[in-house]
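Visitor: Dropping a structure here in structure tokens format, bear with me for questions.
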Amino acid sequence: MSASRDFSFKEGLGIFSPKNLVELRRPGTGVANQAGDLVLVPVSEYSFDDKKNKKTLIVAPVESSAKPLEIPLEKGGEAFWIQSRTVAHVVEGEVGLDIYAMDVTLETGDADVLTIVNTPVLIAKLPNKSATNFRYSIESGVLVFSDYVYPDGNLTSVVEQDDAYEARGNTAYVYDATYERHWDTWVGPKKSSLFSVSLYQDPDHKWVFGGQFINLLQGTKHSSPVEPFGGTDDFDISRDHVVYTTLDPELNNAWHTKQNVYIVDIKGNSNPRELTSGKQGATHSPVFDTQGTKVAWLELDEDGYESDRAKIVIYDLIKDVRFTLTQDWDRSPGSLAFSKEGNFLYFTAGDEAKVKVFVLPVPPTPGESTTHPVLPKKYTTPVALTDSKAASGIQPLFHGRLLFSQSSFTSPNDVFIIRNLQQLEASMLQSERPVLFDGKVEQITHLTESALQGMNLDSGESFWFKGALDKDVQGWILKPRGWKEGDTKKWPVVLLIHGGLTSPTSDPKALGKINGLLVGTPMVCGHHGIRLYEADSLDPQSSLSKAIS
């Protein structure tokens, strides 16, 4: 028997090794300030030398040529805007969480410069270290966040109850009902709830923290965000209200996926009111329009089905009418945002293994609630604004602009913008025929450009083949460095099997460049970016056999 050879990954100039992949910056989605002239991007970066993950905040200009400002976060933590020139930074304190205010300034002149104005100022303290998912209303001066609490809903006694629970004398978990474990986490005595607390600037521009925490879900048996993946996309805030989604409290979570959407006063002055019909399945991504008069969310038809097509539902809070907007569109939206004027909806959706940005005008509200409103085609035919990459974090800005992040096979997230959307919106409202977007998508940040320079990563090639029942099945091929068309050289192949029916395989990144591997990703079960009636009928075993052959 021949001796086995020692295995090692190739490294060197122009080779994208696993070490390069691990140490590559991982930007989050960009979030613009209220003025829409600065964007905040959280970044994570692992260092093999230091053997730790470094956190950084990047503040980049949207309309200026100033160099992005990088703020190291030695203690990690979350960050969000609380004014157009002030970032709130949440870090662990001695007991709970401390919130600091960091002021930034954009100086214009011969050379625009972004700088931090002063030392971060402590403006608030939260009693527990588990608080997260922060949203702030500048108009009402209210901070909303989520935290885990015991059945009494008391935020300030959690630490004391944690100590008592840990000292109970055993490690047993006792359950009166099923759904005792979700994925890899045992269900414990605490549930996630939404809290609000006042936080505002006084006339002297000093921050005032109220310190009285209001449990907005007190006494409801509701829990939001929905575990295990829910975050800020499970609720939204306006000046006066909070809208959120929660699993139906009357159903057994082990057998049901039904989620209801509720609206509640942001200061807890009213009980939550349900906006959903009661006949739906799961719901996601509830959002307000800027005026606070409409709510939109994504809704699945069938309870118990996690991979159904999501449809956009709009609720007119003034007329108390609910209607479905994308009943006949055979794609599944992933996130939503109203335009600043409230008359258009921007959203992402998978389309042939790309996550594109789409737009639809908001139609006049029907006379009564309906799942099948009769609407002109201009209100039911989405217009695509992007045709490549994977978009996320869409955020309409003032003056007809749309900010969003995009990742691809060749790059993690960067921030992009589309301008002058007023012209497209006017054309969509005036025309009865389909409208095509011919505007420009501009890139704002280049967060990993220098690290990826010279790597020549493959952008991927989409292919289609006939699968089970003679249905079209999509896949991707990523060709390794040195690949030449017509070359007879044999290459090792990695086959990534997409499990579907869920989101498309849209970002295997640069696996094809690691040590000369040819990567194929047949999506044998279909995905939300193809016609759903075809995806539902695909047989994965037969389709996989045809993909390999």
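Visitor: Which numbered condition in (1) touching a Leu at 6+ places or on another chain (Cβ under 6 Å); (2) buried (at least 19 other Cβ atoms within 10 Å of the Cβ); (3) part of a strand (DSSP E or B) is the only one that G36 fails?
Guide: Among (1) touching a Leu at 6+ places or on another chain (Cβ under 6 Å); (2) buried (at least 19 other Cβ atoms within 10 Å of the Cβ); (3) part of a strand (DSSP E or B), the lone unmet condition for G36 is (3).
Visitor: Can you name the residue in region 458-499 that is in a loop (DSSP other than H, G, I, E, B) and touching a residue at least 60 places away in the same chain (Cβ under 8 Å) and, of all such residues, is surrounded by the most Cβ atoms within 10 Å (Cβ to Cβ)?
Guide: It comes out as G467.
Visitor: Do you know which of the residues in region 10-22 that are in contact (Cβ under 8 Å) with a residue 40 or more places away in the chain and touching a helix residue (DSSP H, G or I) at 6+ places or on another chain (Cβ under 8 Å) is farthest from D458 (Cα to Cα)?
Guide: N20
Visitor: What are the residue pairs meeting all of these: first residue in region 168-183, first residue surrounded by 10 or more Cβ atoms within 10 Å (Cβ to Cβ), second residue of a type in the set (A, V, I, L, M), Cβ atoms under 9 Å, and 6 or more apart or on different chains?
Guide: What qualifies is Y173/V187; Y175/V187; T178/A254; Y179/V187; Y179/A254; E180/V187; E180/A254; R181/V187.
Visitor: Please verify whether region 311-322 includes one or more residues that are within 19 Å of the chain's Cα centre (by Cα) and surrounded by fewer than 22 Cβ atoms within 10 Å (Cβ to Cβ).
Guide: Yes, because at least one residue in region 311-322 is within 19 Å of the chain's Cα centre (by Cα) and surrounded by fewer than 22 Cβ atoms within 10 Å (Cβ to Cβ).
Visitor: Using beta carbons and a limit of 6 Å, which pairs, at least six apart or on different chains, have the first residue in region 407-436 and under 30 Å from N20 (Cα atoms) and the second one open to solvent by 30 Å² or more (accessible area, probe 1.4 Å) and of a type in the set (V, I, T)?
Guide: Pairs found: V415/I444; F416/V441; I417/I444.
Visitor: May I pose another question? Picking from V197, V208, which residue would you name as being of a type in the set (V, I, T) and either outside any strand (DSSP E or B) or exposed (fewer than 15 other Cβ atoms within 10 Å of the Cβ) (or both)?
Guide: Criteria check complete, one pass: V208.
Visitor: I'd like the full set of residues that are open to solvent by less than 20 Å² (accessible area, probe 1.4 Å) and under 23 Å from the mean Cα position of the chain (by Cα), limited to region 47-70.
Guide: L57, I58, V59, A60, P61, V62
Visitor: Just one of L397, L421, L360, L429 is aliphatic (A, V, I, L, M), within 26 Å of L317 (Cβ to Cβ) and loosely packed, with under 14 Cβ neighbours inside 10 Å; which is it?
Guide: Going through L397, L421, L360, L429 in turn, just one is aliphatic (A, V, I, L, M), within 26 Å of L317 (Cβ to Cβ) and loosely packed, with under 14 Cβ neighbours inside 10 Å: L429.
Visitor: From the list R309, R331, which one is more than 20 Å from R239 (Cα to Cα), in contact with a Gly (Cβ under 9 Å, 6 or more places away or on another chain), touching a residue at least 60 places away in the same chain (Cβ under 8 Å) and of a type outside the set (A, V, I, L, M)?
Guide: Answer to the selection: R331.
Visitor: Now for a different question. Of everything in region 136-167 that's part of a strand (DSSP E or B) and more than 19 Å from Q218 (Cα to Cα), which residue is least open to solvent (accessible area, probe 1.4 Å)?
Guide: Looking at the filtered set, the residue picked out is S137.
Visitor: Still on this model: Could you go through region 366-374 and let me know if any residue there is modelled with pLDDT of 95 or more and closer than 30 Å to S408 by Cβ.
Guide: Within region 366-374 (the criterion being modelled with pLDDT of 95 or more and closer than 30 Å to S408 by Cβ), the answer is no, since none of the residues qualifies.
Visitor: Hey, another quick one. If I ask for residues that are of a type outside the set (D, E), at pLDDT 95 or above and not in a strand (DSSP E or B), which ones from region 305-326 would you list?
Guide: A310, L317, I318, K319, L325, T326
Visitor: For residues that are surrounded by 12 or more Cβ atoms within 10 Å (Cβ to Cβ) and not in a loop (DSSP other than H, G, I, E, B), tally how many sit in region 444-457.
Guide: 2
Visitor: Taking the criterion of being open to solvent by 20 Å² or more (accessible area, probe 1.4 Å), more than 24 Å from W81 (Cβ to Cβ) and touching a residue at least 60 places away in the same chain (Cβ under 8 Å), would at least one residue in region 290-304 satisfy it?
Guide: no
Visitor: Determine, yes or no, whether K340 is in a strand (DSSP E or B), within 20 Å of the chain's Cα centre (by Cα) and at pLDDT 95 or above.
Guide: No, not satisfied.
Visitor: Hey, can you tell me all the residues within region 227-286 that are of a type in the set (V, I, T), assigned to a loop (DSSP other than H, G, I, E, B) and either under 21 Å from S332 (Cα atoms) or modelled with pLDDT under 95 (or both)?
Guide: T257, T276
Visitor: Confirm whether A384 is among the small types (G, A, S) and either more than 19 Å from A310 (Cβ to Cβ) or buried (at least 17 other Cβ atoms within 10 Å of the Cβ) (or both).
Guide: no
Visitor: Which one of these is under 28 Å from P396 (Cβ atoms), open to solvent by less than 90 Å² (accessible area, probe 1.4 Å) and among the polar types (S, T, N, Q): S44, S17?
Guide: So the residue among S44, S17 that is under 28 Å from P396 (Cβ atoms), open to solvent by less than 90 Å² (accessible area, probe 1.4 Å) and among the polar types (S, T, N, Q) is S44.
Visitor: What is the number of the single condition among (1) open to solvent by 40 Å² or more (accessible area, probe 1.4 Å); (2) closer than 14 Å to T371 by Cβ; (3) without any contact (Cβ under 8 Å) to a residue 60 or more places away in the chain that S277 does not meet?
Guide: Of everything listed in (1) open to solvent by 40 Å² or more (accessible area, probe 1.4 Å); (2) closer than 14 Å to T371 by Cβ; (3) without any contact (Cβ under 8 Å) to a residue 60 or more places away in the chain, S277 misses just condition (3).
The values are calculated or read from the model by the stated rules, or taken from the named source; none is laboratory data. All figures in this text were calculated on a predicted structure; none of them were measured in a lab. Cβ coordinates were reconstructed from backbone atoms using ideal geometry, including for glycine residues, and neighbour counts include every protein chain displayed. Quick note on the areas: whole protein, heavy atoms, side chains included, nothing else; ligands and nucleic acids left out. Shrake-Rupley method; radii C 1.70, N 1.55, O 1.52, S 1.80 Å.
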